[in-house]
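Below is one structure; the comments refer to it alone.
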Amino acid sequence: MAKKDTKKGAEKKRKKPPPDLRELLRVPPGARSELSSFDPRATPGGPGGKAAGLADMARMAERLAGLQERLYAAAAAGDRRRVLLVLQGMDTSGKGGTLKHVVSVFNPAGCRITAFKAPTKQERSHPFLWRIRRALPQAGEIGIFDRSHYEDVLVARVRELVPHRDLGRRYGQINRFEKELADEGVTVVKVFLHISYEEQRDRLLKRLDNPDKHWKFAASDIDDRALWPAYQDAYEVALHRCSTDAAPWYLVPSDRKWYRNWAISALLLEHLEALNPKYPKARFDVEQARKQLLKEA
């Protein structure tokens, strides 16, 4: 009879280490990739289904909240590091859902959320990165951009809002800007929420079917669907030209909402664990303070 606890048997019982989503979901470097080659319903690195994904997210929530608190606390001792989560994707891809299901585990005091709309008259009078710089997270914070500076090479490209030569310069400006952020201690996590044309139609129809969701629908949503190929092309160019070592792009298949939420949670967890922020040591005499408080009793 074989021994129960042989070395070989113990090895089999060990769970495989979880995949590194920072590598698995990173936009491949080199040649430009067509978005059609990525399955929006895929679940790369996923835990094995919706139920497992939800359970895993619940387990990650406490760790995410704890790491955020440590990052925020470390800033009190002069740590300048912070995190910026950039969410980009077609309408209905789940930017708002990510805020609801992923970012909600964080303490609002340490978060800075900005939803970028069409630029105002004042914003248009400045360089396109002006309004972005004003919304950046401070030391110890986690910033979340619902849309971002990439609108200025996406919508601007599709709608031909700027001359082609100016558009071409913007990719380089974005890369230099994000390298500057990384050098200043900002961990930039750029996520493209990849959904299919069919899934978007279904989500838009659900908004029309529910009167409580009509406020989220606009006639322009249908107009933009007519420009779907142009937007896919614009995203392909942006992902190719602006996925760098300092600020790589991550492509998250988003037709399955549970996987989208799980993957972004896991990506944030991996980045925060890599930062490994520490609680600052006390700058006062702990025992003396305790004695003084006990003396009051």
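Filtering the range 241-267 down to residues that are aliphatic (A, V, I, L, M) and under 19 Å from D183 (Cα atoms), which residue is surrounded by the most Cβ atoms within 10 Å (Cβ to Cβ)?
A247
Tell me which residues, restricted to the range 25-45, are surrounded by fewer than 14 Cβ atoms within 10 Å (Cβ to Cβ) and in a helix (DSSP H, G or I).
Within the range 25-45, S36, S37 qualify.
Given the options G66, G97, G53, name the one that is in a helix (DSSP H, G or I), more than 13 Å from W262 (Cα to Cα) and among the small types (G, A, S).
Residue meeting the stated conditions: G66.
I need the full set of residues from the range 209-240 which are open to solvent by less than 80 Å² (accessible area, probe 1.4 Å), among the aliphatic types (A, V, I, L, M) and either in contact with a helix residue (DSSP H, G or I) (Cβ under 6 Å, 6 or more places away or on another chain) or part of a helix (DSSP H, G or I) (or both), in order please.
A219, L227, A230, A234, V237, A238, L239
Return yes when E273 is surrounded by fewer than 20 Cβ atoms within 10 Å (Cβ to Cβ), modelled with pLDDT of 95 or more, touching a Lys or Arg at 6+ places or on another chain (Cβ under 7 Å) and among the acidic types (D, E) and no when it is not.
Taking the combined requirement at face value, the residue does not satisfy it.
Do you know which of the residues in the range 165-198 that are farther than 30 Å from A139 by Cα and buried (at least 16 other Cβ atoms within 10 Å of the Cβ) is modelled with the lowest pLDDT?
Per the criteria, the residue is L167.
Can you tell me how many residues in the range 46-64 are surrounded by 14 or more Cβ atoms within 10 Å (Cβ to Cβ) and either at pLDDT below 95 or touching a strand residue (DSSP E or B) at 6+ places or on another chain (Cβ under 8 Å) (or both)?
Looking only at that region, the number is 1.
Among (1) more than 30 Å from G49 (Cβ to Cβ); (2) in contact with a Lys or Arg (Cβ under 8 Å, 6 or more places away or on another chain), where does D221 come up short?
(2)
Mind checking which residues of the range 86-140 are aromatic (F, W, Y) and either in contact with a Ser or Thr (Cβ under 8 Å, 6 or more places away or on another chain) or open to solvent by less than 20 Å² (accessible area, probe 1.4 Å) (or both)?
Matches in the range 86-140: F106, F116.
Among the residues that make up the range 182-203, is at least one of them in a helix (DSSP H, G or I), in contact with a Phe, Trp or Tyr (Cβ under 8 Å, 6 or more places away or on another chain) and either over 20 Å from V155 (Cβ atoms) or among the aliphatic types (A, V, I, L, M) (or both)?
No - not one qualifying residue is present in the range 182-203.
Name the pairs: first residue in the range 121-138 and within 21 Å of V188 (Cα to Cα), second residue assigned to a loop (DSSP other than H, G, I, E, B) and of a type in the set (G, A, S), Cβ to Cβ under 6 Å, at least 6 apart or on different chains?
Pairs found: none.
Anything in the range 199-208 that is in contact with a helix residue (DSSP H, G or I) (Cβ under 8 Å, 6 or more places away or on another chain), surrounded by 14 or more Cβ atoms within 10 Å (Cβ to Cβ) and not basic (K, R)? List them, or say none.
Q200, L204
Quick one: count up the residues across the range 146-175 that are under 20 Å from the mean Cα position of the chain (by Cα) and of a type in the set (D, E, K, R).
Final tally of qualifying residues: 4.
The values are calculated or read from the model by the stated rules, or taken from the named source; none is laboratory data. Only a predicted model underlies this, so the values are computations on that prediction, with no experimental measurement involved. Counting neighbours? That spans all protein chains shown, and the Cβs are built from the backbone with ideal geometry, glycine included. Remember, those area values only see protein heavy atoms, side chains included, never the ligands or the DNA or RNA. Shrake-Rupley method; radii C 1.70, N 1.55, O 1.52, S 1.80 Å.
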